[in-house]
Structure formats: structure tokens, C-alpha cells
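Since the structure comes first, as C-alpha cells, the remarks are kept for the end.
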Amino acid sequence: MSIAASIRENAKYYPDKTAVFCDGRAISYQELEDTTNCMAQWMHQKERKAGNGYSKAAVLLPNSPEFLEIVLGTAKAGWMVVTLDPKWSSEEITAVLKQTEPDYLFLDSTYDAYFSEWQKVTRIISLHVGVKEVPTDERPWDAAENIDVPLSEELPMSLFYMGFTSGSTGMPKGFIRTQQSWMTSFQEGDRELKIRRLDKVVVPGPLVHSLFLFAALHTLHAGAVCYIESSFQAERLLERCRQESITVMYGVPTMYEALGQIVEREHSQNMPLYKCIISGDRCSPAALEKLRSLFPGAEWMSFYGSSELSFVAICKGEDVMKRTSALGYPFSTVEFSIRDERGREVQPGEAGELFVKSPMVFSGYEHEPFPVPKKWIPSGDIVREEKDGLLCLVGRRKNKIISGGLNIFPEEVETLLNSHPSVKETAVTGLTDEYWGEIAAACIEPSSGVRTETLHLELKHYCRKYTASYKCPKQWVMIEEMPLTTSGKPARKKAAALIKKKGVKI
């Protein structure tokens with residue numbers, strides 16, 4: 001089945017219902033179906049560029065209905081959508097265009113300054129996103145015939161989506177998934193997330209990130225209303241939730257914390273949200289406890305996965321609160337194996353790297369041989385399985401610190417430090433040391449109102465009480481605000497630079 005099949009079904013039974021709402025624009029399910037039919041027809045009529053395998057449509061757009069229309073149109077046409085990040089530099093975009101060779105690039109008109117440069121690489125369609133009146137020839141697919149495009153039985157296994165992760169060379173690295181892998185993700189979402197047709201779901205993050213694109217597409221699959229935010233602004237999002245009676249939100253921890261700060265200042269708990277879904281990073285226990293008190297009517301759940309692996313595990317209810325390192329229980333279609341550095345399965349309760357096998361995993365990286373079907377895929381995460389089957393994070397393999405021959409995983413130390421009431425956020429990183437080889441060092445953003453003069457001593461004592469002494473940071477720095485990555489996680493490289501510049505050794 002194609003990911004567009006459920007859109008067609010929803011348009012048949014609920015044609016006038018709003019499918020997508022963004023910046024005052026409402027698109028009904030019938031309008032979404034018609035537009036994506038026309039787009040698929042238009043794509044079928046286009047001559048493919050020679051020698052580039054799958055037909056590809058690259059998208060360089062802000063959050064908008066057009067973004068989703070192009071994604072679903074390419075799905076119907078059997079093309080592959082290539083999502084480019086607006087945060088990239090023009091040099092990075094040029095390099096990725098040359099690497100991926102899309103048949104067309106759909107971009108926002110704000111990029112017109114680069115039109116002549118990128119036109120050397122691919123054909124371009126420039127769109128005035130968010131503008132009510134646009135040139136009549138801007139959307140050539142509008143002239144295509146609006147008929148139900150046959151959704152071929154071959155579509156599910158077609159390579160449909162190319163997203164990007166950070167490559168080892170520093171350049172974005174394209175990973176590819178089939179429509180079937182997305183459909184299985186939707187089915188797992190149906191079982192575990194239970195989005196209802198009557199729900200109003202807000203998606204406040206960038207659609208170029210697979211987390212938020214999944215949130216939007218799964219909402220449309222469920223027949224609910226998808227509210228897209230053109231950019232994340234906490235005050236505007238809070239107003240949207242209240243005015244539109246939003247029932248479900250997807251977000252990373254920093255988004256929820258920004259909302260919580262406003263609610264706390266207002267001394268108001270007037271929030272219609274009944275379900276808050278977290279991904280991208282884990283929320284600290286102190287932050288989550290506060291959020292639960294500020295949004296008392298909401299059910300909190302988090303899921304663990306990655307761009308390449310898709311869904312792996314889900315954590316609900318009290319497990320979200322009680323077990324600070326909990327990743328969750330595996331989804332029903334996920335098989336897993338925990339292995340040591342020699343590739344041998346570890347004993348129950350021991351830590352090792354998580355390997356995953358499921359119908360949701362990616363098909364491979366661009367320009368690299370695809371993995372053998374049903375092969376075990378390494379996650380890069382070191383985990384431990386509890387007696388009840390719960391998977392708990394120990395750390396990231398690539399972040400491992402080797403101090404005096406002993407392994408330290410920063411995430412494990414961060415989880416402990418974040419459980420201290422005086423700590424808002426922590427970044428632990430490794431620094432070179434002549435004696436130890438490496439030492440653990442901590443960058444701390446204290447909770448509001450906490451005095452910092454002796455906090456590092458208090459935290460070192462706290463660490464020694466609850467973990468092995470060799471894991472305790474030997475260098476500390478207190479800062480007013482934690483530097484974050486674009487996905488809202490602590491930026492370790494920036495934190496390391498701050499520690500080197502201002503850190504105190506104890």
C-alpha cells in the first residue's frame with residue numbers, strides 16, 4: 001500500500017474536513033487529494049534525467065502545505081523525495097544537489113538569488129510559499145488532469161524518501177527509505193500512539209527532520225487535523241494550542257520546556273493537550289516532573305529510534321518518570337540483539353551495543369551498497385535490557401570516554417547529574433589528559449535561582465554517591481545557558497570549548 005492511500009480514503013469519506021492548517025491557511029482532505037493527483041500526473045509526464053536511477057524531487061521549503069503536497073505527490077508518482085535543510089549553507093546545498101542529481105528542485109522564492117547557480121545542476125520550480133496570490137504559471141501541475149492516479153502494487157517497495165544525517169566527512173549523508181517502511185511505522189503508530197480521527201495534532205518542528213515529517217504524515221494517515229507551525233515560537237504555539245483546542249503535540253524536550261516556562265509564569269493550566277509525544281532526546285526527570293505538574297491532563301510518552309532505524313522502542317506512563325535512562329519496550333515488529341565489542345551477545349543485564357532488525361529500517365545510504373535485507377543494523381547506542389524487557393540507555397558508542405583504560409559513557413553521567421534538583425541541563429564530554437588519557441568533564445546549566453559557588457563540589461559528591469568514582473567528572477564549568485544543536489540537544493563540542501576555557505579541576 002502507498003502512504004498516499006489513506007489520504008485518498010479520508011478524502012472519500014471526509015472531503016471537506018481540514019487536513020492541514022498553517023499560518024491561517026486551511027487545506028481540506030479533498031483539496032490535498034486533488035493537488036497531489038495533479039502533481040503525480042504532472043510528474044508522470046516529465047522526461048526523466050538520463051542515468052540517475054529513480055526520478056527525484058528535491059524540496060527546499062519552509063514548513064508549509066506545499067511541502068506535504070510535494071511529498072505526497074512524489075509518493076503517488078513513484079518518485080523519490082529528497083528533503084534539503086534550509087539551515088544548510090548554499091555551498092552545502094550545491095554539493096548535495098550535485099551528489100543526488102534530482103530531476104527537479106522545488107524551492108522557496110527567497111532562494112532566487114541562487115537560482116542561476118543551482119539551475120546548472122537541476123531544473124528548478126520556485127514557489128512563493130505563504131503568499132495568497134501567486135503567478136498563474138508558478139504551479140505547472142495545476143494544469144494537469146485531476147484524476148485518481150493508480151497506486152501501483154509496486155509503490156510500497158519503491159525507494160521513496162531521502163533524508164540526511166551528519167556524515168563522517170562533515171557533509172550531509174543521504175539515507176533512503178521505502179514507502180513500505182513508512183507504512184509499517186504508521187501501523188506501529190496506530191497501535192501505540194493511538195491518534196484519533198477527532199484529534200487536532202500540532203507539529204511545531206521542521207518537516208525536513210524525519211521525526212516531524214512522520215508526525216505530519218501519520219496525522220494525515222489517521223484522518224486527524226495537522227497543524228504545522230512555520231517556525232517554533234513558544235508564545236505563538238501556546239496560543240495556537242488554546243485557540244484551536246489542540247489535543248496532541250509532538251516535540252523535542254526543549255519545546256515542551258519553553259511552553260512550560262510560559263505556563264508557569266502565567267500561573268495557568270488552561271491546556272487542552274491530552275497527549276504529549278517526546279522524541280529526539282530524553283527529558284531530564286526534574287524537567288519532566290515539572291511539565292507533568294504544569295500539564296496535569298496530559299499523557300506523556302516518548303519513543304526511541306533514529307533516522308536509519310525508524311521506531312525501535314516506546315516508553316509510556318510511569319516508566320517515563322521512574323527510570324531516567326529508559327528508552328522503552330521494543331515495538332512489535334522490532335527484533336533486537338545486544339552485543340559486546342567482539343559481536344557476541346551479552347548476558348542478561350549486561351551493557352552492549354544495540355543491533356536492530358525490523359521492516360521499518362532504512363534501505364541504505366546513497367552511493368553505498370545497500371544492506372542485505374533483514375540484516376542486523378547497528379544502532380551505535382550502548383544499552384542494557386532490564387529483567388522486564390525494558391531497554392535502558394548507557395551511552396553512545398562514538399561519545400565513549402576511555403579514562404585510565406576504563407569506559408565512561410557521557411549520557412550515563414548526564415542522566416545522573418540531571419536528576420539533581422539544582423541542575424537544569426548537563427553536557428559531559430571527554431578532554432585529553434596526560435595522566436589518564438582522557439577525563440570526563442561537565443558543563444552545567446543550573447536550575448533557576450541556584451547559587452553556583454560550590455555547586456561543582458556538591459555535584460561531585462552526588463556523583464560519587466551514586467556511581468563509580470572513575471565516572472565522576474574531574475573538570476567542571478557552570479554556565480547561564482546550555483549551547484544546543486539544531487535538534488535541541490546539548491552541543492558537546494561547544495560545551496567542551498567552554499570547559500577548556502573556564503573549567504575548574506577538582
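How much length is gained on full extension from LYS387 to GLU289, taking 0.36 nm per residue of separation minus their Cα-Cα distance?
Length gained between LYS387 and GLU289: 32.8 nm.
Could you grab the relative contact order for the chain? Cα pairs under 8 Å, six or more apart, rounded to a whole percent.
On the way: 1009 pairs, mean separation 49.3, N = 506.
Across the chain, relative contact order equals 10 percent.
Given axes a ≥ b ≥ c from the Cα gyration tensor, I'd like to know whether the range 174-219 is rounded (a/c under 1.5), prolate (a/b larger than b/c) or oblate.
Note, shape of the range 174-219 comes out oblate.
Considering the chain, which cysteines have no disulfide-compatible partner, defined as another cysteine with its Cβ under 4.7 Å away?
Unpaired cysteines in the chain: CYS22, CYS38, CYS226, CYS241, CYS276, CYS283, CYS315, CYS392, CYS443.
Given Cβ point charges of +1 (Lys, Arg) and -1 (Asp, Glu) and nothing else, what value in debye, to the nearest 20, does the dipole of the chain about its Cα centre take?
Magnitude of the dipole: close to 1480 debye.
Measure nothing but the geometry: give the 0 to 90° angle between the long axis through the Cα atoms of 179-192 and the longest principal axis through the Cα atoms of the chain, rounded to 10°.
Between helix and principal axis, roughly 60 degrees.
Mind pulling the angle between the C-alpha long axis of helix 90-100 and the longest principal axis of the chain? Nearest 10 degrees, somewhere in 0 to 90.
70 degrees
So, in nm, how far is label GLU318 from label GLN119 when the simple model puts each one 7 Å beyond its Cα toward the Cβ?
According to this spin-label approximation, the distance is 6.5 nm.
Where the centroid of each part is defined by its Cα atoms, how far is the range 434-490 from the range 230-270 in Å?
Going from one Cα centre to the other spans 29 Å.
List every residue whose amide H lies under 5 Å from the amide H of LYS56, counting only residues 5 or more places away in sequence or on a different chain, with H placed 1.01 Å from N in the peptide plane.
Those qualifying (amide H under 5 Å, at least 5 residues apart or on another chain) are MET80, ASP103, TYR104.
Starting with the highest mean, order 341-350, 90-99, 259-268 by the number of other Cβ atoms within 10 Å, averaged over the residues of each peptide. All intermediate terms of the calculation are to be shown ahead of the outcome.
Working: 341-350: 10.4, 90-99: 16.3, 259-268: 14.2.
The packing order, highest mean first, is 90-99, 259-268, 341-350.
Taking a 31 Å limit on the Cα-Cα distance, which of the listed pairs LYS194/LYS290; LYS76/LYS489; LYS424/LYS500; LYS120/LYS398 fall beyond it? List each step's numbers first, then the result.
Working: LYS194/LYS290 25 Å; LYS76/LYS489 35 Å; LYS424/LYS500 21 Å; LYS120/LYS398 38 Å.
From the list (LYS194/LYS290; LYS76/LYS489; LYS424/LYS500; LYS120/LYS398), the Cα-Cα distance tops 31 Å for LYS76/LYS489; LYS120/LYS398.
Hey, what angle do you get for helix 234-243 against the long axis of the chain, alpha-carbon based, 0 to 90 degrees rounded to 10?
So the helix axis and the longest Cα principal axis differ by about 60 degrees.
Tally Lys/Arg at +1 and Asp/Glu at -1 over every other residue whose Cβ is under 15 Å from the Cβ of ARG240; what's the total?
Details: positive: ARG25, LYS200, ARG236, ARG242; negative: ASP23, ASP199, GLU229, GLU235, GLU239, GLU244.
Here the count lands on -2.
Between ALA468 and ASP190, what is the spin-label point distance in nm, taking each point 7 Å from the Cα along the Cα→C-beta axis?
Result: 4.7 nm between the two label points.
Please compare each pair in LYS56/LYS316; LYS400/LYS460; LYS56/LYS87; LYS275/LYS400; LYS357/LYS387; LYS173/LYS474 to a cut-off of 26 Å on the Cα-Cα distance and tell me which ones are over it.
Too far apart for the 26 Å limit: LYS56/LYS316; LYS275/LYS400; LYS173/LYS474.
What residues qualify as long-range amide H neighbours of THR178, i.e. H under 5 Å apart, gap of 5 or more or another chain, H built at 1.01 Å from N?
Long-range HN contacts for THR178: PHE160, SER363.
If I model a spin label as a point 7 Å beyond the Cα along the Cα-Cβ vector, how far apart are those points for GLN243 and GLU438 in nm?
Output for this residue pair reads 4.9 nm.
Mind sorting LEU220, LEU273 by how few other Cβ atoms lie within 10 Å of their own Cβ, fewest first? Walk me through the numbers before you get to the answer.
Values: LEU220 23, LEU273 20.
Fewest to most other Cβ atoms nearby, the residues stand as LEU273, LEU220.
Quick one: compute the contact order of the range 277-419, relative version, from alpha carbon pairs under 8 angstrom and 6+ residues apart, as a percent. Let's see the in-between values first.
Values: 256 pairs, mean separation 28.2, N = 143.
So the answer I get is 20 percent.
Which value in deg cm²/dmol, rounded to the nearest 500, describes the helix-derived mean residue ellipticity at 222 nm for the chain, given -39,500 (n - 2.57) per DSSP H run of n ≥ 4 and division by the residue count?
Roughly -9000 deg cm²/dmol at 222 nm, from the helical runs in the chain.
Say the dipole of the range 400-505 comes from +1 at the beta carbon of Lys and Arg and -1 at that of Asp and Glu; which of VAL450, HIS420, PRO473 then lies farthest toward its positive end?
In the range 400-505, that residue is PRO473.
Residue by residue through the range 331-345, which ³J(HN,Hα) values in whole Hz follow from phi under the Karplus form 6.51 cos²θ - 1.76 cosθ + 1.60 (θ = phi - 60°), with glycine and proline marked x?
Result, rounded to whole Hz: 5, 4, 9, 9, 9, 9, 9, 10, 10, 7, 5, 9, x, 8, 5.
Can you tell me the FRET efficiency between LEU457 and THR94 if r is taken as the Cβ-Cβ distance and R0 is 51 Å, rounded to the nearest 0.05? Write down the numbers at each step before the final one.
Details: r = 51 Å, r/R0 = 1.00.
For R0 = 51 Å, the calculated efficiency reads 0.50.
Do you know the relative contact order of the range 5-192, to the nearest whole percent, from alpha carbon pairs under 8 angstrom that are 6+ apart?
Normalised by residue count, the contact order of the range 5-192 is 21 percent.
So how do MET171, MET301 line up by other beta-carbon neighbours within 10 Å, fewest first?
MET171, MET301
No lab work stands behind these numbers, since they all come straight from the coordinates. Just so it is clear, the structure is predicted and the values come from calculations on it, not from any experiment. Neighbour counts are summed over all protein chains in view; Cβ atoms, including those assigned to glycine, are modelled from backbone coordinates with ideal geometry.
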